[in-house]
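Student: Here it is, the structure in full.
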Protein chains: 2
Amino acid sequence: MSVSFLGGLAVDVHTHVYSNRYITLLQNRTAVPRIVTRGGQDRMLILPGEDTDASTSSGRPIGSEYWDGARKLAFMDGHGIAVSVVSPANPWLDFLPAADAGPAAVDINEDMEALCAGSGGRLYGMGLLPRDPMTAAAELGRIARLPHLRGAAIGTTGAGKGLDDPALDPVWAAAERNGLMLFVHPHYGLGNEVMGGYGHAMALALGFPFETTTAITRLILGGTLDRFPGLKLMVAHAGGVLPYLAGRLDACVAGDAHSPVRLRHPPSSYLRMMHYDAIGYQMPTLSLLIALVGADRLLFGTDYPFFPPHVGNAELDTATWHSPTVHRAILQELEPQTASAILRSNAMNTFGLAVPASA
Amino acid sequence: MSVSFLGGLAVDVHTHVYSNRYITLLQNRTAVPRIVTRGGQDRMLILPGEDTDASTSSGRPIGSEYWDGARKLAFMDGHGIAVSVVSPANPWLDFLPAADAGPAAVDINEDMEALCAGSGGRLYGMGLLPRDPMTAAAELGRIARLPHLRGAAIGTTGAGKGLDDPALDPVWAAAERNGLMLFVHPHYGLGNEVMGGYGHAMALALGFPFETTTAITRLILGGTLDRFPGLKLMVAHAGGVLPYLAGRLDACVAGDAHSPVRLRHPPSSYLRMMHYDAIGYQMPTLSLLIALVGADRLLFGTDYPFFPPHVGNAELDTATWHSPTVHRAILQELEPQTASAILRSNAMNTFGLAVPASA
């Protein structure tokens, strides 16, 4: 790989893959989430309401860039990414009955381990979890023994009732005990009823961060990090918008004379206990995060293969993608040491990664 | 008034008053919004769902600090505020039938003019508007002829269908033509269904900014500022969270191959055409706003008399309130010229105010 990329080689901590067995699962379904063939093209319908749109532009095209490790590596080579920590994308196994979700998680996490093991040191991975807390806790114990996995993705609803649900305590305990990162990622959107009329842009740009923000706020206000101070969390998309609202949240909790919140510290202080991808699409957002939580908590990410450039499938692997390009450029406005920490060394330290000498 | 306040005297552009006739309106109602007497205390129920809470702590206490000009001035004196641009608080007249809302707006705006006219130059005001667009446009013409009024508050739903509703064009045209500021303020909250369990904190800290953000995004994506480039808008609570998400919104619109959005500029660029109160409760939020839209677009505000200190009614006027104190302290971290622009001169220029020599 060329080393001429601005700022040097990167580690990408937010990049998705659907395993082969997960794809088969989606193809066999008759309701969202599912993969359908329309207009001669496979399309993935995963967002609420996409199932009712029968047009050929419903959902998004899905091709082998979502599951083929070789295409992931081609994208990485084209964007100066030495190593990726790949994670299963939403909606994970949220839609499966409990009896099916446990065995499916085992299969899909084994798929992920195999993909990473065969990547020549370029890929590490996160697993996914079934919703049932005891099964999820057990699966985290299994993930900890898979040599290339470093944690698991988790949706914003937890077992179905939000991340402040006390039933999740065994999940937090297992992640903490095993030193595994939990990657909190949105899927459902918040406020979908007022996001229509402008394509998917509002649901993705606003509804996703709103969902993440609400979930992390509930996790904080419920005292999760008082009970599990060693828990490692990574919050998607620059933390939703909670970093912007942290001071307001403190003021609203402190200002409520009847507040039931009983925390050891102000709510905002728990933000400094978490990690964040640096996917904010603008310098002022990254600057706010650095000021609020510290540069050592921030990790370069791309969100690949979502938000593809507007080219045909044949050109995808050689095209320049917006997210890695803009996020690398933003980092170059920082001091070189800070930029390089966010671009790669924070991820290497946080996830215990080795970057191959050949990269 | 003492001039020893850190950074000098302020102009407060986000401070509320309910006029006498508005209070009477709320007292005579039997559904939210309303004022009730519980546990020997008048309480204001204005948020969705507060009506179903029959406890003595439902809603919030309401006393004469919400309508008495002398108490407003006492608060201002205690916090180094020379001049305030007072505005009617939510939910304005959203709940009235069209036939009642027009005449009520006339009454309440006359109340506001009288309050300001009798304040010795310390108070300027904003009016409120009925929802019907043609009546609202006519009322803006009337407001323009009231010597102490400088604009009007407007909720996030406009005429009921959001701020991108083409039916609102006469309202935007009237505001633009008369050089009046429209102050976009939340009331309904967004995502209330997942904000419960922690008192009002989540609805106020998150749901309010989410609501504002969605409303302003719809206004932008609908092309309002392409059609009315001279429109003066002020967005409450540091712009909701749209400033944090501006780059992401651009990316999501540009990344949607089927986007119906047709704007002259990227969505984020319209943020530089608006004004914002500086009510972000933390320095990193103010820094982001300065970097994104420029310090000349930011105006000191307090949100008085919401978020009162936890003291009895008798001590309210002499107590130190959190919002003005923290927001004044945050400004002191800036260059003195920038701090003083946000603290007062931006407001004087933007609203055409004179600060009395006696202040």
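Every read-out reported here was derived from the displayed coordinates using simple, explicitly stated rules and does not represent laboratory data. Owing to the predicted nature of the structure, the values given are computational and were not obtained by experimental measurement. Note: ideal-geometry Cβ built from the backbone for every residue, glycine included; neighbour counts use all protein chains shown.
Student: Here is a check on your reading of the model: is B:Tyr304 more than 12 Å from every other protein chain (Cβ to nearest Cβ), buried (at least 18 other Cβ atoms within 10 Å of the Cβ) and either touching a residue at least 24 places away in the same chain (Cβ under 8 Å) or farther than 24 Å from B:Leu245 by Cα (or both)?
Tutor: It is true that B:Tyr304 is more than 12 Å from every other protein chain (Cβ to nearest Cβ), buried (at least 18 other Cβ atoms within 10 Å of the Cβ) and either touching a residue at least 24 places away in the same chain (Cβ under 8 Å) or farther than 24 Å from B:Leu245 by Cα (or both).
Student: Does at least one position in the range B:43-57 carry a residue that is assigned to a loop (DSSP other than H, G, I, E, B) and surrounded by 21 or more Cβ atoms within 10 Å (Cβ to Cβ)?
Tutor: Applying the first criterion (assigned to a loop (DSSP other than H, G, I, E, B)) to the range B:43-57 yields B:46-49, B:53-57.
Checking the rest, the ones that are also surrounded by 21 or more Cβ atoms within 10 Å (Cβ to Cβ) come to B:47.
Within the range B:43-57, one or more residues are assigned to a loop (DSSP other than H, G, I, E, B) and surrounded by 21 or more Cβ atoms within 10 Å (Cβ to Cβ).
Student: Which residues, taken from the range A:255-312, are charged (D, E, K, R) and within 22 Å of A:Tyr18 (Cα to Cα)? Explain how you work it out, then say what you get.
Tutor: Filtering the range A:255-312 down to residues charged (D, E, K, R) leaves A:256, A:262, A:264, A:272, A:277, A:296-297, A:303.
Of everything in the range A:255-312, those that are charged (D, E, K, R) and within 22 Å of A:Tyr18 (Cα to Cα) turn out to be A:Asp277, A:Asp303.
Student: Also, I was wondering about something else. Of a type outside the set (Val, Ile, Thr), over 30 Å from B:Thr320 (Cβ atoms) and free of Cβ contacts under 8 Å to residues at least 60 places away in the same chain: is that true of A:Ser268 in this structure?
Tutor: No: the conditions fail for A:Ser268.
Student: While we're on this one: Within the range B:284-294, is even one residue assigned to a loop (DSSP other than H, G, I, E, B), surrounded by fewer than 16 Cβ atoms within 10 Å (Cβ to Cβ), within 21 Å of the chain's Cα centre (by Cα) and touching a residue at least 12 places away in the same chain (Cβ under 8 Å)?
Tutor: Scanning the range B:284-294 turns up at least one residue that is assigned to a loop (DSSP other than H, G, I, E, B), surrounded by fewer than 16 Cβ atoms within 10 Å (Cβ to Cβ), within 21 Å of the chain's Cα centre (by Cα) and touching a residue at least 12 places away in the same chain (Cβ under 8 Å).
Student: While we're on this one: Can you tell me which residues in the range A:225-250 are within 11 Å of chain B (Cβ to nearest Cβ), acidic (Asp, Glu) and over 27 Å from B:Thr302 (Cβ atoms)?
Tutor: If the condition is that a residue be within 11 Å of chain B (Cβ to nearest Cβ), acidic (Asp, Glu) and over 27 Å from B:Thr302 (Cβ atoms), then no residue fits.
Student: Any residue at all in the range A:263-277 that's surrounded by 24 or more Cβ atoms within 10 Å (Cβ to Cβ) and closer than 30 Å to A:Asp68 by Cβ?
Tutor: Among the residues of the range A:263-277, at least one is surrounded by 24 or more Cβ atoms within 10 Å (Cβ to Cβ) and closer than 30 Å to A:Asp68 by Cβ, which makes the answer yes.
Student: Here's something else I'd like to know. So A:Tyr188 ticks every box in (1) aromatic (Phe, Trp, Tyr); (2) more than 9 Å from chain B (Cβ to nearest Cβ); (3) part of a helix (DSSP H, G or I) but one. Which box is left unticked?
Tutor: Against the list (1) aromatic (Phe, Trp, Tyr); (2) more than 9 Å from chain B (Cβ to nearest Cβ); (3) part of a helix (DSSP H, G or I), A:Tyr188 comes up short only on (3).
Student: Considering only residues of the range A:287-301 that are over 24 Å from A:Asn90 (Cβ atoms) and out of contact with any Pro (no Cβ under 8 Å at 6 or more places or on another chain), which is farthest from the other protein chains (Cβ to nearest Cβ)?
Tutor: Here the residue is A:Asp296.
Student: With the requirement that a residue be facing chain A (nearest Cβ under 7 Å) and either free of Cβ contacts under 8 Å to residues at least 24 places away in the same chain or under 23 Å from the mean Cα position of the chain (by Cα) (or both), what does the range B:251-263 give you? Write out each step before concluding.
Tutor: Applying the first criterion (facing chain A (nearest Cβ under 7 Å)) to the range B:251-263 yields B:251-253, B:255-261.
Result: B:Ala251, B:Cys252, B:Gly255, B:Asp256, B:Ala257, B:His258, B:Ser259, B:Pro260.
Student: Among B:Ala341, B:Ala314, which is the only one that is aliphatic (A, V, I, L, M), free of Cβ contacts under 8 Å to residues at least 60 places away in the same chain, in contact with a helix residue (DSSP H, G or I) (Cβ under 7 Å, 6 or more places away or on another chain) and more than 12 Å from chain A (Cβ to nearest Cβ)?
Tutor: B:Ala341
Student: Determine, yes or no, whether B:Ala319 is touching a strand residue (DSSP E or B) at 6+ places or on another chain (Cβ under 9 Å), under 23 Å from B:Gln282 (Cβ atoms) and not acidic (Asp, Glu).
Tutor: It is false that B:Ala319 is touching a strand residue (DSSP E or B) at 6+ places or on another chain (Cβ under 9 Å), under 23 Å from B:Gln282 (Cβ atoms) and not acidic (Asp, Glu).
Student: I've got another one for you. Do you know which residues across the range A:147-179 are in a loop (DSSP other than H, G, I, E, B) and touching a helix residue (DSSP H, G or I) at 6+ places or on another chain (Cβ under 6 Å)?
Tutor: Selection gives A:His148, A:Thr156, A:Gly158, A:Ala159, A:Gly162, A:Leu163, A:Asp164.
Student: Here is a further query. Quick check on my filter: what residues within the range A:196-224 are over 18 Å from A:Lys161 (Cβ atoms), more than 7 Å from chain B (Cβ to nearest Cβ) and buried (at least 20 other Cβ atoms within 10 Å of the Cβ)?
Tutor: Passing the criteria: A:Ala203, A:Gly207, A:Phe208.
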